[in-house]
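Data block below; observations after.
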Amino acid sequence: MAYDLIVIGGGPAGYVAAIRAAQLGQNVACVEADRAGGTCLNWGCIPTKALLKNAEVYQMLTHKAAEFGLKIDGLTYDWSAVVGRSRKVAGRLAGGIEFLFKKNKVDYIPGVGSLEAAGKVGVTAADGSTRTLEARHILIATGCKSRGLPQLPFNGTSVIGSKEAMVLAQQPKDLIIIGAGAIGVEFAYIYNAFGTKVTLVEMLPRLLPVEDDEIGETLEKSLIKQGIRCLTNTRLVAAADHGSHVEISIEGPKETGVLRAEVCLVAIGIQPVLPGGLQPALTERGYIQVGARYETSLPGVYAAGDITGPPWLAHTASFEAVQAVEGLYLNGHTPRQIKNFPGCTYCHPQVASVGKTERELKAAGVEYRVGKIPFMAIGKAIATGEPEGFAKLLFGKRHGELLGAHIIGENATELIAEMGLALDQELTAEEIHATIHAHPTLSEVIHEAALAAEGHAIHV
């Protein structure tokens, strides 16, 4: 049987591409090595959010119960049930993707896909059996996996990646996390909330290095207050895995010496997962090069999502997948490229941003105005017991348009959507604060920050 499109990979790029192509009347198959939903749904975005919610609830009950007039004696938790809930959530949503495949008449084919020849995809099933599928077009959406340290290879027990961090059978007494990007700080929050002694080691000057400097500095203060040891500007000198524990030699302004912990989580980034067989042209770091229509150097073969390089985010992967498919099957459609996109980190307090940082604007010589408001000025934040953090909006001095938005605080990852729309539409501070924001809501922090940029905030 020949398909119009075969998608290799069933993650946020792959399954979205398959469904959208089917909606456009194409005969589609999706080949996935793990389970529908890919890494994001099964081993990344979704199950970590379940763990984060568990951690947030437990931390609130153990640290803030009295604030809400609650008295709780003998509060305990079941680690296996905490992990189990996360797995149930992932399983339920993976089943939902499989249902959507069926609903849209997409053939879901479990197995490892490879490029055998032009228009041909080989599939190796879990039992070792193989078969070859044919299609007019092929879309590679195989994504990425955790990148390890050569001197400290993964073993799944004492040295782990993010996947193993979600399903450890025993909660470690102490944990070293190397890398303080989104993955590192999220797991630091989760394990610390349940009582694990956590040390974050980051070679750059701040946590969440891609975020605005002030955001990283504020988050570090918050995590330290929560009990997490944060060692920024710290270099890894040597590492040794002793099986029962790991020892890390470090050098930095805060601490120099040897760290020891039962488990070390390596969260230094990701690396591409390329399909077997024919290989399209790659970038110097091993990612697939694509053109303006997401085409690769192989005729009839396209690629989208993490496998094509940064940004490595589920929502940008889905965007690219839709653009690639509509470019193929929607007459007259010119595929769009990633421009503005939100970045979100789901620790507590949450962090979210879109657009330029102050650091980037200064480097580019762009003059800008800042509107900044603390959540402490917002009634809803006080009422819900979440006054920590702030919203900071950056506007161009010349035209007054929004250039960047940076939020740290409660529901930051939900609030950032409005800012993404404002950035795309080049809205000014006046246009944003002229939009009535409901009271009392956390979204008022956006309204007030826009007012602050013009020097007339009401509530500070």
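Since every read-out is calculated from the coordinates, none of them should be taken as a lab result. Please read these numbers as outputs of a predicted model, since none were measured by experiment. Note that each Cβ is placed from the backbone with ideal geometry, even for glycine, and that neighbours are counted across all protein chains shown.
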Does the stretch 159-266 come out rounded, prolate or oblate by the C-alpha gyration tensor, with a ≥ b ≥ c the root eigenvalues, rounded set by a/c under 1.5 and, if not, prolate when a/b is larger than b/c and oblate if not?
-> oblate
Which of W79, L61, V106 sits closest to the plus end of the dipole of the stretch 58-187, meaning its Cα is farthest towards the positive end, when Lys and Arg get +1 and Asp and Glu get -1 on the C-beta?
-> V106
Between Y3 and residues 5 or more places away or on another chain, the pairs with built amide H atoms under 5 Å apart involve E134, A135, R136
Under 18 Å from the R235 label point (7 Å along Cα→beta-carbon), backbone N, the stretch 182-215 = 201-206
So how many Å³ per residue does the convex hull of the Cα atoms of the chain work out to?
-> 172
Residues with amide H under 5 Å from that of G389, placed H, sequence gap 5 or more = F375
Consider a paramagnetic label point 7 Å from the Cα of R147 along Cα→Cβ; state which residues of the stretch 307-343 have an amide N under 18 Å from it.
-> 307-314
Please report V210, V301 as a ranked list, fewest other C-beta atoms within 10 angstrom at the top and most at the bottom.
-> V210, V301
Order of Y77, Y189, Y302 from fewest to most other C-beta atoms within 10 Å?
-> Y77, Y189, Y302
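Kindly work out what percent of the DSSP beta bridges joining two residues of the chain are antiparallel, to the nearest 5.
Beta bridges within the chain, antiparallel portion: roughly 60 percent.
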Rounded, prolate or oblate: which fits the stretch 193-248, taking a ≥ b ≥ c as square roots of the Cα gyration tensor eigenvalues, rounded meaning a/c under 1.5, else prolate when a/b beats b/c?
-> oblate
Distance in Å, no decimals, from the C-alpha centre of the stretch 70-140 to the one of the stretch 210-256 is 34
Could you pull out the trypsin sites (Lys or Arg not before Pro) across the stretch 358-436 that fall in loop regions by DSSP (anything but H, G, I, E, B) with no more than 14 other Cβ atoms inside 10 Å?
-> K397, R398
Please identify which residues in the stretch 46-71 have an amide N closer than 19 Å to a label point set 7 Å out from the Cα of A383, following the Cα→Cβ vector.
-> 67-69
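Cut-off is 10 Å between beta-carbons; in what order do W79, W43 appear when sorted fewest neighbours first?
In increasing order of surrounding Cβ atoms, one gets W79, W43.
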Please list the helices of the chain that count as membrane-span-like by this rule: a mean Kyte-Doolittle hydropathy of at least -0.5 together with Cα atoms stretching 27 Å or more along the helix axis, each helix being a complete DSSP H run.
-> 79-103
Unpartnered Cys in the chain, judged by a 4.7 Å Cβ-Cβ cut-off, are C30, C144, C230, C264, C344, C347
In the stretch 144-237, taking the dipole from +1 charges on Lys and Arg beta carbons and -1 charges on Asp and Glu beta carbons about the Cα centre, the listed residue (I183, I160, L208) farthest towards the positive end is I160
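Shape of the stretch 349-453 from its Cα gyration tensor (a ≥ b ≥ c, root eigenvalues): rounded if a/c is under 1.5, otherwise prolate when a/b > b/c, or oblate?
prolate
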